[in-house]
Amino acid sequence: MTAGDPDFACRGDAAGIVGMLAASILPLAHRNAVMVRWAVPVPSSRRVGVLTALDDEHGPAIALGDVAARHVRLRPDGLQPALGGAPSGFVPWAEVRAITAEVPTTWWPHPALGDTVAPILEGIFGVSGDIAETPTFPVRVTTTDGARLDWVATPHYLSGYRRRDGAMASRFVEHLAARSDARVLLARPDDLLARLGEILRQR
């Protein structure tokens with residue numbers, strides 16, 4: 001949600017102007033985004049939308065959601081919900097029948113811009129948009145025995161992701177659940193996200 005974010009692709013002086021407007025008008029917006037952050041011991045080498053490549057003491061994985069908050073690690077051997085740098089629980093792929101991720105999307109071409117401009121517009125037009133807690137989106141896992149696990153992940157943006165990025169991530173996790181051969185690619189998460197990024201750029 002900062003100008004250093006890889007998806008903050010505003011052009012030239014526009015980014016600086018928006019930043020200055022946000023600093024001056026944001027207090028009028030009455031919008032308190034409570035985005036709690038935990039220390040994450042591993043750097044993220046690559047991110048495409050809601051997906052982040054990880055390779056740490058827990059092994060290689062692709063994180064679905066913000067790695068600094070709640071996310072689901074898609075590992076070569078299974079799924080693992082995590083809070084910051086602390087994974088909790090594990091479900092092997094052999095026990096996974098389906099995965100559904102309801103990734104939030106936005107019509108803003110650059111989500112970080114939406115996060116900045118929306119509060120400004122609310123402040124100008126006197127609309128209150130207080131956020132009482134950190135937003136999350138559902139990640140539902142159906143196991144082979146019919147049980148359903150309802151997990152949540154934290155988005156990087158309050159406004160959501162670009163629609164094509166959200167659709168790609170949702171189809172990606174569904175594909176992993178359906179195809180065991182695709183899960184092998186999770187052992188090289190950075191290369192996998194590089195390829196997904198290329199596919200998105202071609203659209």
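Here are a few things to note about the model shown:
- Residue match in segment 70-92 (condition: of a type in the set (Asp, Glu) and over 20 Å from Ser180 (Cα atoms)): no
- Glu133 falls short on exactly one of the conditions (1) more than 22 Å from Val184 (Cα to Cα); (2) at pLDDT 95 or above; (3) among the charged types (D, E, K, R), and that condition is (2).
- Count of residues meeting criterion [open to solvent by less than 40 Å² (accessible area, probe 1.4 Å) and out of contact with any Leu (no Cβ under 7 Å at 6 or more places or on another chain)] in segment 153-164: 7
- Hey, Glu95 open to solvent by 10 Å² or more (accessible area, probe 1.4 Å), over 18 Å from Leu54 (Cβ atoms) and either at pLDDT below 90 or of a type outside the set (Asp, Glu) (or both) or not: no
- Scanning segment 143-184 for residues that are of a type in the set (D, E, K, R) and more than 15 Å from Pro104 (Cα to Cα) yields Asp145, Arg148, Asp150, Glu174, Arg179, Asp181, Arg183.
- The residues in segment 78-92 that are under 12 Å from Ile62 (Cα atoms) and surrounded by fewer than 19 Cβ atoms within 10 Å (Cβ to Cβ) can be counted, and the count is 1.
- Within segment 165-180, considering residues that are open to solvent by 20 Å² or more (accessible area, probe 1.4 Å) and charged (D, E, K, R), the one nearest to the chain's Cα centre (by Cα): Arg171
- Within segment 182-203, considering residues that are within 18 Å of the chain's Cα centre (by Cα) and open to solvent by less than 30 Å² (accessible area, probe 1.4 Å), the one farthest from Arg75 (Cα to Cα): Leu200
For every residue, the table says whether it meets (1) within 25 Å of Gly197 (Cα to Cα); (2) in contact with a Lys or Arg (Cβ under 7 Å, 6 or more places away or on another chain); (3) modelled with pLDDT of 95 or more; (4) acidic (Asp, Glu).
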| residue | (1), (2), (3), (4) |
| --- | --- |
| Ser88 | no, no, no, no |
| Val91 | no, no, yes, no |
| Pro111 | yes, yes, no, no |
| Glu122 | no, yes, no, yes |
| Pro138 | yes, no, yes, no |
| Ala169 | yes, no, no, no |
| Phe172 | yes, no, no, no |
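The values are calculated or read from the model by the stated rules, or taken from the named source; none is laboratory data. Just so you know, these numbers come straight off a predicted model, no measurement behind them. Cβ coordinates were reconstructed from backbone atoms using ideal geometry, including for glycine residues, and neighbour counts include every protein chain displayed. Areas reflect the complete protein model, heavy atoms only, side chains present, ligands, DNA and RNA absent. Shrake-Rupley method; radii C 1.70, N 1.55, O 1.52, S 1.80 Å.
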